[in-house]
Each structure stands twice: as structure tokens, then as C-alpha cells.
Amino acid sequence: MMDRISISVTVNGTVHTAEVEPRLLLADFVRETLDLTGTHVGCEHGVCGACTILMNGDSVRSCLTLAVQADGAEVETVESLGDAENLGPLQKAFRDHHALQCGFCTPGMLMTATDMLRKYSLETDDDIRDGLSGNICRCTGYQHIVDAVRAARDERDGR
Ligand code: FES
Ligand code: FES
């Protein structure tokens, strides 16, 4: 068995320390070690974006990131945005604009959009589409997702 490595990762504001195998993916660390199963794993090779989370404020593919790479980092997962009884503004926008069907892509869409909304003005729908272009949805159709992110941008900007 591989030697385990001790890591300490702040996830959604809580510090977690664990002994992990060096090969453990960050996606599996949050889902299986921390039981934060909101993060989804689809393609497992960096294509679909379902596993997107934020690490030190930047969106990353947690299926392409090792848990040991997150040692000392601040990680945010979809659970940080709100829950069923208390949806955050972006989650409400997704609900109100029918921006999901099966919901499989939704955690990654939400975290990518969170990153975009923090960093960019997102003036046009093209800007929003560019930002979301690394996330694949197989069922909703992207227009509703763009509508939801635009609404969240408007709320952010007080429009
Ligand atoms: S599961 Fe990570 S990009 Fe698809
Ligand atoms: S809502 Fe089903 S994959 Fe996007």
C-alpha cells in the first residue's frame, strides 16, 4: 500500500485534516472522505466540468487535481452556495430560469458561474457563454443556463 500523506484543507470554511494516498483525487476526497457529494464526477478526464470546484478562488477540475495538491488550500464546493431550504442567489436564478433538468451538470455550472461572477463583468451573453464553455450539459439546453447567469449578474450589479 502506498504511504499516506497528511493534508489539511479548508473546505467551505472548515479545516479538515486527513491521511490520504498520494493518488487520491480531490473529487474523491470531497465526495468520499468528506461526504460532500454535491460535486459530481462525469467524464473523469477533464472534459465535462461536472466536478468543478474552487481552489484558492479559482475554478479547477477536481477530477484532474490530486487531494495532496489542495494541502493548505481553501476549497469551495457547491454546498457552500446554499441548501434546499436556503438557496443562494445563483441557485435561485437557476431554479427560476429552469436552468437544469437532470441536474448532473449543475454543481459544476454553479461553481464555474460563481467564479465568473466574482471576477468578470459579464456584460454580454457572449461573455457568459465563453465563461461556461468548459461545462457540458446534455439535457437542459444552454440558453436557460445563460439566462440564469445573466439574472444573477443583474442581481449582483443591482440592475
Ligand atoms: S468529471 Fe471532471 S471534467 Fe468531467
Ligand atoms: S441538466 Fe442534465 S446534464 Fe445538465
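Does LYS119 satisfy being of a type in the set (Lys, Arg) and either under 16 Å from ASP147 (Cα atoms) or under 14 Å from the mean Cα position of the chain (by Cα) (or both)?
No; evaluated as a whole, the condition is false for this residue.
With the requirement that a residue be more than 13 Å from the chain's Cα centre (by Cα) and under 30 Å from ARG138 (Cα atoms), what does region 1-41 give you?
Matches in region 1-41: ARG23, LEU24, LEU25, ASP28, PHE29, GLU32, THR33, LEU34, ASP35.
Tell me the residue from THR77, THR37, THR65, THR112 that is away from ligand 2 (no atom under 16 Å from the Cβ), β-branched (Val, Ile, Thr), in contact (Cβ under 8 Å) with a residue 60 or more places away in the chain and closer than 28 Å to ILE145 by Cα, please.
After ruling out the rest, the residue left standing is THR77.
Would you mind finding the one in CYS105, CYS137 that is among the hydrophobic types (A, V, I, L, M, F, W, C), more than 13 Å from the chain's Cα centre (by Cα) and either within 15 Å of ligand 1 (Cβ to nearest atom) or more than 21 Å from VAL47 (Cβ to Cβ) (or both)?
CYS137
Just wondering, is there one or more residues in region 53-63 that are touching a Lys or Arg at 6+ places or on another chain (Cβ under 8 Å) and either aromatic (Phe, Trp, Tyr) or within 14 Å of ligand 1 (Cβ to nearest atom) (or both)?
The first filter runs over region 53-63 and keeps only residues touching a Lys or Arg at 6+ places or on another chain (Cβ under 8 Å), leaving 57.
Keeping just the survivors that are either aromatic (Phe, Trp, Tyr) or within 14 Å of ligand 1 (Cβ to nearest atom) (or both) gives none.
Within region 53-63 (the criterion being touching a Lys or Arg at 6+ places or on another chain (Cβ under 8 Å) and either aromatic (Phe, Trp, Tyr) or within 14 Å of ligand 1 (Cβ to nearest atom) (or both)), the answer is no, since none of the residues qualifies.
Filter region 71-86 down to the residues that are over 15 Å from the mean Cα position of the chain (by Cα) and either among the hydrophobic types (A, V, I, L, M, F, W, C) or within 16 Å of ligand 1 (Cβ to nearest atom) (or both) and list them by number.
ALA73, ALA84
Please enumerate the residues belonging to region 106-146 that are out of contact with any Asp or Glu (no Cβ under 8 Å at 6 or more places or on another chain) and among the acidic types (Asp, Glu).
Hits for region 106-146 are GLU123, ASP125, ASP126, ASP127, ASP130.
So MET2 passes all but one of these: (1) farther than 25 Å from GLY131 by Cβ; (2) part of a strand (DSSP E or B); (3) aliphatic (A, V, I, L, M). Which condition number does it fail?
Condition not satisfied by MET2: (2).
Would you check which residues across region 50-62 are touching an Asp or Glu at 6+ places or on another chain (Cβ under 6 Å) and either in contact (Cβ under 8 Å) with a residue 40 or more places away in the chain or within 16 Å of ligand 2 (Cβ to nearest atom) (or both) and list them? Walk me through how you get there before you give the answer.
Taking region 50-62 first, the residues touching an Asp or Glu at 6+ places or on another chain (Cβ under 6 Å) are 54, 56, 59.
Residues satisfying the conditions are LEU54, SER59.
Pull up region 133-145, narrow it to residues that are surrounded by 15 or more Cβ atoms within 10 Å (Cβ to Cβ), more than 16 Å from HIS97 (Cα to Cα) and not polar (S, T, N, Q), then point me to the one that is farthest from ligand 2 (Cβ to nearest atom).
It comes out as GLY134.
The numbers here are math on the coordinates, done by the rules we state, and not lab data. Predicted, not measured: the structure shown is a model, and the values here were computed from it. Glycine gets a Cβ as well: all are built from the backbone with ideal geometry, and neighbour counts include every protein chain shown.
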